[in-house]
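First the structure, in the form of structure tokens, and then the observations on it.
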Amino acid sequence: MSSQPSLKKVCFYKVFPSPVGSLKLVASDHGLVAILWENDDPKRVPLDSLQQNETHPILLETERQLNAYFTGKLKQFSVTLDFVTGTEFQKRVWAALLAIPFGETRTYAQIAEQIGNPKAVRAVGAANGRNPISIIAPCHRVIGTNGKLTGFAGGLETKSFLLEIESQDGKTEYQRPLFNLTDQK
């Protein structure tokens with residue numbers, strides 16, 4: 001198994017208070033590098049040399065687009081992405097995630113087929129779990145073959161919530177989730 005290399009250049013971050021908890025937005029000067037969950041395992045997306053920067057233009061644009069997404073006003077993100085971590089296989093999986101249309105889902109098997117490796121269903125699941133740019137590279141749109149929600153770094157409640165936002169097709173006002181993310185154990 002190949003290990004995931006950590007980022008070896010300076011990146012900038014800001015914390016974005018979202019409807020699904022505080023998200024750490026991370027960018028290089030080339031694009032968005034990561035969206036990390038409030039209680040994310042630091043080993044999931046290894047990053048070095050982070051400097052807080054509340055005014056970095058990529059972080060501000062990401063925040064603007066995420067706000068529009070959460071309020072049902074954005075269906076397709078246009079912020080520049082910079083996948084600086086990950087193996088070549090992982091990057092192929094993440095590219096396949098970007099091809100899943102808003103409001104639709106795919107199974108892990110369908111993603112494996114799409115990248116030309118139909119027997120790599122478990123490896124696709126592992127790569128999906130290492131996706132550094134959650135929400136924008138929509139790993140929440142990948143479900144089990146049986147149609148059930150499966151693992152998600154932000155939690156299954158959050159995955160369900162994101163899919164619900166997208167199923168509303170932007171026609172209804174955003175409503176807070178019925179669960180409290182801060183009380184999860």
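Derivation of every value follows stated rules applied to the coordinates shown; laboratory data play no part. This one's a predicted model, so the numbers in the text were calculated from it and none came from an experiment. All Cβ positions, even for glycine, are placed from backbone atoms using ideal geometry, and neighbour counts span all protein chains on display.
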- request: Name the shape class, rounded, prolate or oblate, that the alpha-carbon gyration tensor gives for the range 43-105, where a ≥ b ≥ c are the square roots of its eigenvalues, rounded holds for a/c under 1.5, and otherwise prolate holds if a/b is larger than b/c and oblate otherwise.
  value: oblate
- line: Karplus-derived 3J(HN,Hα) from phi for the range 125-131 (6.51 cos²θ - 1.76 cosθ + 1.60, θ = phi - 60°), whole Hz, x at Gly and Pro, runs x, 5, 5, 4, x, 9, 3
- request: Grab every C-alpha pair in the chain, bin the distances at 5 angstrom width from 0 up to the longest one, and report whole percents.
  value: 1, 8, 17, 21, 21, 17, 10, 4, 0
message: How large is the direction-averaged shadow of the alpha-carbon convex hull of the range 88-167, in nm²?
response: 4.5
- prompt: Going down the list K75/K119; K9/K73; K43/K119, which pairs span over 29 Å between their C-alpha atoms?
  reply: K75/K119; K9/K73
statement: For the range 11-25, in residue order, the Karplus 3J(HN,Hα) values (coefficients 6.51, -1.76, 1.60; θ = phi - 60°; whole Hz; Gly and Pro = x) are 10, 10, 9, 8, 9, 10, x, 10, x, 10, x, 6, 10, 8, 8
- request: Return the long-range amide H neighbours of R106 (sequence gap of 5 or more, or a different chain), with a cut-off of under 5 Å between placed amide H atoms.
  value: V142, I143
Residue order, fewest to most beta carbons within 10 Å, for I100, I133: I100, I133
query: Each label point is 7 Å from the Cα along the Cα-to-Cβ direction; what then is the distance between the points at N67 and T150, in nm?
result: 3.7
- prompt: With the chain treated as a Gaussian network of Cα nodes joined by springs under 10 Å, which of S49, S160, S134 yields the largest mean-square fluctuation?
  reply: S49
- request: Express the C-alpha Rg of the range 72-131 as a ratio against the empirical globular expectation 2.2 N^0.38 Å, rounded to two decimals.
  value: 1.16
GNM flexibility winner over the chain from Q110, Q76, Q65 (Cα, springs under 10 Å): Q76
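Arranged by the count of other C-beta atoms within 10 angstrom, fewest first, what order do D29, D41, D82 take?
The order, fewest Cβ neighbours first, is D41, D29, D82.
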statement: Whole-Hz Karplus couplings 3J(HN,Hα) for the range 117-124, θ = phi - 60° and coefficients 6.51, -1.76, 1.60, Gly and Pro as x, run 9, x, 8, 8, 4, 5, 5, 5
